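Reviewing the structure listed below.
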Amino acid sequence: MATVRLLYFASLRDAAGVAGETFETAATDLRALYNELRTRHGFSLPVERIRVAVDGAFSRLEDAVADGSEVAFIPPVSGG
Amino acid sequence: MATVRLLYFASLRDAAGVAGETFETAATDLRALYNELRTRHGFSLPVERIRVAVDGAFSRLEDAVADGSEVAFIPPVSGG
Amino acid sequence: MPVQRFWLSSSAIDVAPLRARLLDARAGAFASFEGWVRNHNEGRSVDGLRYEAYVVLAESEGERIVAEALQRFGAIDAVCTHRIGNLAIGDMAVWVGVSAAHRGMAFDACRWILDEVKSRVPVWKHERYGDGRTEWLHPRETNPADTGG
Amino acid sequence: MPVQRFWLSSSAIDVAPLRARLLDARAGAFASFEGWVRNHNEGRSVDGLRYEAYVVLAESEGERIVAEALQRFGAIDAVCTHRIGNLAIGDMAVWVGVSAAHRGMAFDACRWILDEVKSRVPVWKHERYGDGRTEWLHPRETNPADTGG
C-alpha cells in the first residue's frame, strides 16, 4: 500500500469535488491508480487521454506509485 | 520621338546625379529607353534587373514609350 | 538563478516591458503573437472564460519550451507569458515574442513556442457561453487551426 | 476613400495605435512583426541607414499586398507601415500586424505581407558601414534568410 497526495485540475477537480486529497492505494502503477480514481469519482476521461506528473515533473503512467509522492493526473490541456 | 519625364531612385539617381530629368528619345520601347539611359549615365545594372513604372503604375519593358509620360526605372528593391 | 522566460500571470499582460526586454542591436527581426479571447468558439457564442494551471509544472514546462526554441531556431531571445484567472472578450490570454537576426527564425520560433505551449503546458480553459452553460476544454488533439491563441 | 492599410512613415513608428486598430471581438489571434535595424549585414558592421521610396507607387503596391493577404488567408484585418528617412541601430524599419480568427491565418498572412513588401514595394536601403563607406542595396533576388526585416 502507498499513501499519495493527489491534485485535481479542471474537469477532474469538478468531478472529484475537491482540489486534492490524501489517498491510500494498492495500485501497482500510476495507470492503475488513475483507473481506481476514475471509478471512485466518475471521471469521464479514459486513461489514454491523461498524462501524469509526480512531484511536479511529468512522469509515465507505467511508473510505480511511490509512497508519499504528490501525483497529478493531467487532462488534455487547453491553454493559448 | 517622345518626350518623357524620367525619375531616378537609389543607385540610379546617384549615377545620374539628378532625381529626374526631361528627356527626348527615339527609343521604341521602355527596354530600349533604359539601355539608352544606361549608356548616357553609366548605370551598372543591366536591364534584366530593372522593373519599370509609367505614370505611377508598374508597366512592362516591352511597352512603347508614350509621349508626355512619367517613367521610373526601378532597381531591385531592398525594403524591410 | 537563470533568467525567467516563461511565466503565468494573474493580471493583464503588459506588452511594452516584455518587448523592451527583447531589444538587441544584433536583432533584425522581432515576431510576436497575442492570443485574444474571442466571442465565439466552434459555433458557440462565448461570454468569457477562466484559465487555470498546475502552476509549478506549467512554469517549468514553459521555460523548457522557450529554451528549446532558442536552441532549435537560433533565435536571440524569447519570452512567453500566459494568463490565468478570469478573462473577458478581447483580453490577451497569451503573448509570445522572439527576437532574431533574421525573420525566418523569429517567425518559426514564435509559432513553435505557441504550438508547444498549447499542447504541453498544463493550463486549462473554462469557457462560459452565451446560453449560460460552462465547459472545461479538453481537446482531443492539438489542431493548429482549431483555436485562436 | 477606402481604409488605408499600408503607408510610408518619415518618423518613428508608434505601434500602440496600429495594434489598437486591429482589435476585434471576432479575433482570437494577432501576429505582428517588426524589422529592426541591426548592427551588421553580411559580415559588415553597420552604423545606420537611410530608406528611400518611390512614394506613390510604394503606397499603392503596399496597399495591394495587404488587401491580397486578407483575401488569400481570410484574416480579419491587417496593417503595414514602412519607414523612410534616416534610421539608427535598433530603430524599427517596418511593422506588420494581422488579426484573424485563428493563429495559422495570422502568422501566414503576416509573413506573406512582409515577404511581398520586401520583394515588390519600391523602397531602397542605403547602408552606412563602420568603415565609413555607404552602399545602395539592390539584392540579386529576395532571399528570405538574407535580411532581418
Identify the single condition in (1) surrounded by 15 or more Cβ atoms within 10 Å (Cβ to Cβ); (2) among the aliphatic types (A, V, I, L, M); (3) outside any strand (DSSP E or B); (4) out of contact with any helix residue (DSSP H, G or I) (no Cβ under 7 Å at 6 or more places or on another chain) that B:Val4 does not satisfy, given that it satisfies every other one.
(3)
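Look at D:Ser45 and say whether it is of a type in the set (Ser, Thr, Tyr) and under 17 Å from the mean Cα position of the chain (by Cα).
Considered against the rule, which asks whether it is of a type in the set (Ser, Thr, Tyr) and under 17 Å from the mean Cα position of the chain (by Cα), D:Ser45 comes out as no.
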Consider segment D:76-126. How many of its residues are surrounded by 24 or more Cβ atoms within 10 Å (Cβ to Cβ), β-branched (Val, Ile, Thr) and within 8 Å of another protein chain (Cβ to nearest Cβ)?
4
Among helices (runs of 4 or more DSSP H) entirely inside segment C:8-120, those with 3 or more residues being more than 19 Å from C:Pro139 (Cβ to Cβ) and acidic (Asp, Glu) are C:55-73
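For segment C:36-51, check the following and say yes or no: at least one residue is acidic (Asp, Glu), crowded, with 23+ Cβ neighbours inside 10 Å and over 29 Å from D:Val46 (Cα atoms).
The answer is no, given that none of the residues of segment C:36-51 is acidic (Asp, Glu), crowded, with 23+ Cβ neighbours inside 10 Å and over 29 Å from D:Val46 (Cα atoms).
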When B:Pro46 is run through (1) surrounded by fewer than 18 Cβ atoms within 10 Å (Cβ to Cβ); (2) in contact (Cβ under 8 Å) with a residue 12 or more places away in the chain, the failure sits at (2)
Which residues, taken from segment B:10-34, are out of contact with any helix residue (DSSP H, G or I) (no Cβ under 6 Å at 6 or more places or on another chain) and outside any strand (DSSP E or B)?
B:Ala10, B:Ser11, B:Leu12, B:Arg13, B:Asp14, B:Gly17, B:Val18, B:Ala26, B:Thr28, B:Leu30, B:Ala32, B:Leu33
State which residue is farthest from the other protein chains (Cβ to nearest Cβ) when the search covers only segment A:35-74 and only residues that are within 15 Å of A:Ser11 (Cα to Cα) and of a type in the set (Lys, Arg).
A:Arg40
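Every read-out reported here was derived from the displayed coordinates using simple, explicitly stated rules and does not represent laboratory data. None of the values given here were measured: they were computed from a predicted structure. FYI the Cβ positions are ideal-geometry reconstructions off the backbone, even for glycines, and counts take in every protein chain you see.
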